[in-house]
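Asker: Just passing along the structure, written as structure tokens.
The values are calculated or read from the model by the stated rules, or taken from the named source; none is laboratory data. Here the structure is a predicted model, which is why all the values come from computation and not from measurement. With ideal geometry, Cβ positions are generated from the backbone for all residues, glycine too; neighbour counts draw on all protein chains shown.
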């Protein structure tokens, strides 16, 4: 879902937290938002392709464009940032 679509869900109180996870396809990070009942919403471009960020900080900046919510970072792959 795009930033605008996710903002709309957040305004309806449908997003509880965000998670920054290692991108399995590219060396980078993707963002997933978790809603009520554990429903996942992935941050994508307008074509529906997942956005991949070079750093955790870059991913955090995009989360803040969507919602003011708790952020979890997948630490297992944190060595990719070095």
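Asker: So in the stretch 14-27, with the set limited to residues that are in contact with a helix residue (DSSP H, G or I) (Cβ under 9 Å, 6 or more places away or on another chain) and touching a residue at least 40 places away in the same chain (Cβ under 8 Å), which one is surrounded by the fewest Cβ atoms within 10 Å (Cβ to Cβ)?
Answerer: Per the criteria, the residue is 27.
Asker: So which of 54, 38 is without any contact (Cβ under 8 Å) to a residue 60 or more places away in the chain and at positive phi?
Answerer: Every option except 38 fails the conditions.
Asker: Another question, if that's okay. Out of all the residues in the stretch 3-10, is one or more under 11 Å from the mean Cα position of the chain (by Cα), on the phi < 0 side of the Ramachandran plot and at pLDDT 95 or above?
Answerer: Yes, because at least one residue in the stretch 3-10 is under 11 Å from the mean Cα position of the chain (by Cα), on the phi < 0 side of the Ramachandran plot and at pLDDT 95 or above.
Asker: Another one. Within the stretch 47-69, work out how many residues are in contact with a helix residue (DSSP H, G or I) (Cβ under 6 Å, 6 or more places away or on another chain) and more than 14 Å from residue 26 (Cα to Cα).
Answerer: The total comes to 3.
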